[in-house]
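This report refers to the structure that appears directly beneath it.
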Amino acid sequence: MKRYTLLTLIGLTILALAIGIGTALAAPTPAPTTQASVLHPNFILLDANGANVLESGNTVSTMQTCGQCHDTTFIAEHAFHSDLGLNVYDANAESFNTSNGLFGEWDPITYRFLSPANDERLDLGTAEWLMLNGARVVGGGPATTSRGGEALADLPASKSNPETAILNEDGSVSTWDWEKSGTMEMNCFLCHLESPNNEARVKAIQAGEFGNANTATLLGLNVVGKNSEGWSWNADAFNELGEIKSEILRIQDPTNSNCAACHGEVHADATPLTIDACDFDYPQTATTGQVISAQRINQSGLNLAGKNDLTRPWDIHAQRQLECTDCHFAPNNPAHVLEAQESNPSHLLYDPRKLEIDEYLERPDHNFARGASAQFNVAPELKSTMRRCESCHDTNKSHAGWLPYNDRHMQVIACETCHVPQMYAPAYSTIDWTVVRIDGSARTECRGIEGSDTATDLVTGYQAVLMQRTDIVDGKTLFAPYNLITSFYWVYEDANGSQRPVRQADLEAAYLTNGKYSADVLSALDENGDGKLSEDELTLDTESKQQLIAGKLEALGLSNVRIEGQVQPYSINHNVVDSKSATRDCAACHNAESRVTAPILLASSAPAGVTPEFVSDVNVTATGSIVNEGGALYYNPVNENDKTYIFGHNRVPWIDWGGALLFVGTLMGVAGHATIRFVVARRRNRQTTATKPVYMYEAYERFWHWLQTVAIVILLTTGLIIHRPDLFGAFSFRNIVTVHNVLAALLAINALVSILWHVISGEIQQYIPHPYGFIDQMIAQAKYYIQGIFNQEPHPFHKSKQRKFNPLQMVTYIGLLGVLLPLQGLTGMMMWLVQKVPAIQDWFGGLPFLAPMHTLMAWLFASFIVAHVYLTTTGATPLEAMRGMITGWEEVEVSEHDSEVRKKEAKKESKKK
Amino acid sequence: MKQRFPTWTLGLIGIILLILIPVFYFLPRSEAKNNPAGYLPAKAVHVDHTDIINGEFTTGQEVTRACLECHEDAAAQVMATTHWTWESKEFDVPWRDEPVTIGKANQINNFCISSQGNQKRCMTCHVGYGWEEYEEYDYTVQENVDCLACHADMSAYAKGEYGEPAEGVDLLAAAQSVRAPSRDNCGTCHFDGGGGNGVKHGDLDESLYFPSESLDVHMGGKLDMLCTDCHWTENHQILGRMLTDNYTIDPQEQVSCEQCHVDQQHGDERIDIHLAAVACQTCHIPALALEDPTKTYWDWSQAGQEGREDDHFTYLKIKGEFTYDKNFAPTYLWFNGNNEYRYLLGDPVNENGVTYINKPAGSITDQNAKIFPFKLHVAKQPYDTNYNYLLAPITAGEDGYWTTFDWESGFQLAQERMGLPYSGQYGFATTYMYWPTTHMVQSADKALQCDSCHGKEGRMDWEALGYPGDPIEWGGRK
């Protein structure tokens, strides 16, 4: 028994040792490095019936295929990219917009109008809408589902239902067979493959083969081919289990290039970047000029003005390896759990209860975090959910050390304003659908290029216009950059009384006959008589031209036709530059010509008499004005309407003119007075009056006075430079502001200390008038300056150490030191403090009130100084008073009156004693 | 007594100070930028020697004697440099018991392999006269120092066989032309090292005689810098050591960017954190051999083919097959300034893999190491298959391989001249030689940027460098 136990023990020990050694030996096996790190497993491609495509030979169904592991129903229901506004579709909408997304929101660039049911004239049916917009439709939503929520394929075909009808080129209407065309499921491949075949996909959609579109995305990837008989799946791409091999069809996170397929120009490789000007296949680039690329701008293939110096990358975030999805993330992605935690109870910093990665992968929320652009309104509840500048950057730290008034700047200026200083790719400015080109398209204008070819014509880029953007999250209204696209178009009233854009087909009918301009149109528009209509001639710039077209449209049965215009702002948030290339020069804004109010061209020619209106219901307000300069329309921002006051740019004319008038008036008055004094004194013999030296001013009084003098003079000068930097370009705006602030602080401290001194020493009495006879004395003093002084009469007031000021002086000084100086200090202080205490902006009108008041008082100060300096020359000798203020000793006239007064005072003194 | 200055002037001064001090205290300061150009050595105007030197010179030695009349210590100073000795100081290396020296005088490379026994040609670049094959060179003869090689106007002077002045050189004219060394003096040997323009270095070639700013920001920029502006020289000791001819290098003896670029801040925190792990050269030398191609591969085994047409860039009968490359990205390694290994004559060959002629030292765990750009030169060169070491064939001269095209005779000759035993069996081994890259520097606007190394299109092999993955996602080294 014992032996048996021992044996067992030994046996077990050996076994344990063996396993231990084995494990220890096995542990350092290096991970295989040759195997590609593919997270996504092999999977079976299923058709719509759930059969392996390899066997059925059918088209692939993404919902079925991906639905094997992922909850595709959930994904499709949580994806505004798929829904495109379908769920809020409202056929009875007041405006042209029957929804807030691509499916229903009327876009003057693509122009065609998605017809609601029962419209008088069919424009776009659902099928044609899909063919037209397919390049930007990912599938699902309106590509599979009707407005009423049924499957498109289940709809009874009817010519009168725009969902099953299509407008033919000849103007007739046919039914659309959804059974035959198939519908288009949400296309997972488009965003989750490295190189989906978007070209083939778009081709299939444009051909109306919607059911083939998703399978076409796999063409050219060695997965599937297409021949006359249908689809042929490549058996080599599948493993023995019938699964597609993951190394052939590699599923991945969406990259920038995936987003680019629909949104705009993304350039990731080292070849020189080239783009076409205003190519709507790249909508984001065509509408704003935004290009997502890490490439240095000077390495690109564009013929850019000043290209050599543009050594910065197109987009700093692309250069620094950020992906679109870093900011536009899936909201339930656990990697972005911190964003989701913003709704935590306030006592919780972190809530560990979050989705696990497998739960997320099963049901990833495809309602991606989005910004608050003015041009896209789909899923408005998600606006401003994305990661924003301030989510990553701390402006206080990044601007520390160079940007003064950081907080104030952040209160009024969006990051993009300085960090997207210039757009380098061309963008649309104008779409004029009141006319059509010979191919039926609208006349368009493109800004940022002198011509049309970016490789041969000079690309200048353009500066975006600053508009007031109200943030949806924090409610702050900031200046932010936008491109403005102005469109003009004909509108008619249909039989139901609804306003509709005139159909492109009707426009073409009005303008063209057999593919050429009709004779009457040609004769009206062809100004140079060459038998062709150039882009310049293609405009309805006179009433008569408009009447001609209106008449032709009415002849087509359209009633109440008229031209409308709209301005759509397009947000610019990409193409950010780093601090070195950002706008850093104070004078860019703080100058007569200010970045903030730089105008932007709306249209170089516009239909006569039409002023376009800014689109409503967006978070952008246009507070400026639209002006017409020789037929061209401009938008001029007016920052005064935005409760802002830009130092060096804004000024109130009447204050400046009034102030200058006062100053010059004082100067002239003084000059006149001095001249008369001089002339009179020359005629008469100077009577020498007896004088005696008096120690008039204590050392501190003089120190206080002169410090104040110097401070005020410097403040006036620097203030003037800040007010009119355009006249003083030699000075650094920033340094001058600093000097101004330091001197202001010095002046305030000096004033406070002097009040203390005056109170303690009792000298404050100098400023307190004795009411008895004060008015009479003032009159006497005034009379002296007007008459007596010329007759060399003695001063009516006799200056002494005890009473230095004559009554007029006293009143002036009370006004100056007791009212004007504190008020000036107070307004100045508030202007400085507004950066830390934003509430000041709401007190009595904020900066737009404070700043002009400050200016007005500065003019008063300047005028006072002129008069004050001049009146110091009215002492015993012209320079005596000044000498007194410097040395303390002043020669004062001795007179009878003087001695009498002295006697009286002496008596009083003795009585007191 | 009348005061010299009235008391109120005190008040005036007080007021001025009271205003100026706070104003200057609060005025925004523009960061005082160090001006790198301020660190350039001052150059004395060189005395024109035309009227100082006269007489007739028939040999180089006579010229040197004339120089030494005034510059008494000059020869002694030159003789203390590796330009003269062609041999490094002594190093203790772990794979040898005795201290070793490294240099052209006693070791080999993977270009023309060895200067030993090939003095006839190789000494064209020695800073002395009369170093011949069969006799031990006397390193103590001062008059053998060739002053003209570095000081003569190169339009008036050239060196020939055994380092003697080339035939037909007017030595008087050459001697009268002396001045401080120019790019020509250095370039004659250093731009053409390995026997032709740009052969050896990927970053030094004849394009640097008249460089544009886009070729080299220092030599082609507005400062028009010379070699000696960075290779500071005192008493003929020239700053800078070549990695391939050393084992370890004292940083004090090496040229560095920091000599002039004292403040290395880039005004961008993100870039500045790279300084801990990335050398200046890595970003500022994005590509090698920008204008003239450099040799990247040399296959000696193909030499000697009868009837194959010679082409400078692909094949020469005397040398074998080559690859030249132009404007290409360097090879990146961790580098702490030293060699981890330098092949010494007699060291074993790795028959089945790569034999390193030199291997730069450094790794991701070495805090002194930074990622650094190298030109990698790969060669197939002869080795003794019995003794298992690299061979150094005699190529030049009458019985050299370049005349006989018989490897046997080349190796036999080497046994005679160098004392390198040859077993009679040879083969060809693959060797790697790493050349650090530090010239052809580019300005910030042409330097690498984030996406050059990071992300899908990046040029770095992060795993090879020891990172778990792209450090932009995985973090830098700890």
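Since every read-out is calculated from the coordinates, none of them should be taken as a lab result. What you see is a predicted model; the values in this text were computed from it and never measured. Cβ: placed from backbone, ideal geometry, glycine included. Neighbour counts: every protein chain shown.
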Residue mean of other protein chain beta carbons inside 10 Å, A:313-319: 2
Pairs of Cα atoms under 8 Å, at least six residues apart: use those to get the relative contact order of chain A, whole percent. 9 percent
Using the Cβ atoms and a cut-off under 13 Å, what net charge is assigned to the surroundings of A:His40, where Lys and Arg are +1 and Asp and Glu are -1? -2
The summed charge of the A:Thr513 Cβ neighbourhood (under 13 Å; Lys/Arg +1, Asp/Glu -1) stands at 0
Number of Lys pairs (Cα under 25 Å; 8 or more positions apart or on different chains) in region A:419-642: 5
Only counting other Cβ atoms within 10 Å, I'd like A:Ile775, A:Ile205 sorted with the fewest neighbours first. A:Ile775, A:Ile205
Give me, ordered by chain and number, the residues 5 or more places off A:Ile413 or on other chains with an amide H under 5 Å from its own placed amide H. A:Phe479
Protection proxy ranking of A:883-890, A:311-318 - average other beta-carbon atoms within 10 Å, highest first: A:311-318, A:883-890
Summing +1 for each Lys or Arg and -1 for each Asp or Glu, what net charge is found among the other residues whose Cβ lies under 12 Å from the Cβ of A:Ala270? 0
Per residue of B:6-18, how many C-beta atoms from partner chains lie within 10 Å of its own C-beta, taken as a mean? 4
Cα-based Rg and Dmax for chain A, where Dmax is the largest Cα-Cα distance (Å): 40.3, 150
Over region B:322-425: Rg over Rh, Cα atoms, Kirkwood Rh: 1.08
Spelling it out for A:Val894: with amide H atoms placed in the peptide plane at 1.01 Å from N, the residues 5 or more places away or on another chain with amide H under 5 Å from its amide H are A:Ala690, A:Thr691, A:Lys692
Return the sequence-ordered ³J(HN,Hα) values of region A:262-268 in whole Hz as given by the Karplus equation 6.51 cos²θ - 1.76 cosθ + 1.60 applied to θ = phi - 60°, using x for Gly and Pro. 10, 8, x, 6, 10, 10, 10
Taking only Cα atoms, what is the 0 to 90° angle, nearest 10, from helix B:60-70's long axis to the longest principal axis of chain B? 30 degrees
Just counting partner chain Cβ atoms within 10 Å, what average do the residues of peptide A:744-756 show around their Cβ? 1
Under the definition of Cα pairs under 8 Å and six or more residues apart, what whole-number percent is the relative contact order of region A:53-237? 20 percent
Given A:181-190, A:653-662, A:160-169, the highest-first ranking by average Cβ count within 10 Å works out to A:181-190, A:160-169, A:653-662
Within 10 Å of each residue's Cβ, count the other Cβ atoms and sort A:Val694, A:Val291 from fewest upward. A:Val694, A:Val291
Could you give me the radius of gyration and the Dmax of region A:457-545, taking only the C-alpha atoms into account and expressing both in angstrom? 20.2, 58
Against the longest principal axis of chain B, how steep is helix B:407-418, in degrees 0 to 90 to the nearest 10, with axes from Cα atoms? 70 degrees
For the pairs B:Lys295/B:Lys370; B:Lys200/B:Lys317; B:Lys159/B:Lys317; B:Lys295/B:Lys319, flag any whose C-alpha to C-alpha distance is greater than 22 Å. B:Lys295/B:Lys370; B:Lys159/B:Lys317
hull vol. (C-alpha, convex hull) per residue for region A:621-748, Å³ -> 210 Å³
Kindly put A:Thr873, B:Thr9 in sequence by how many other C-beta atoms sit within 10 Å of each C-beta, fewest to most. B:Thr9, A:Thr873
Taking Cα atoms only, helix A:653-683 is inclined relative to the longest principal axis of chain A by an angle, in degrees rounded to 10, of 20 degrees
Can you tell me what the convex hull of the Cα atoms of region A:419-642 projects to on average, as an area in nm²? 15.7 nm²
May I have the convex hull volume per residue, in Å³, for the Cα set of chain B? 229 Å³
Sort B:415-423, A:515-523 for me by packing, meaning the mean count of neighbouring Cβ atoms within 10 Å per residue, highest on top. B:415-423, A:515-523
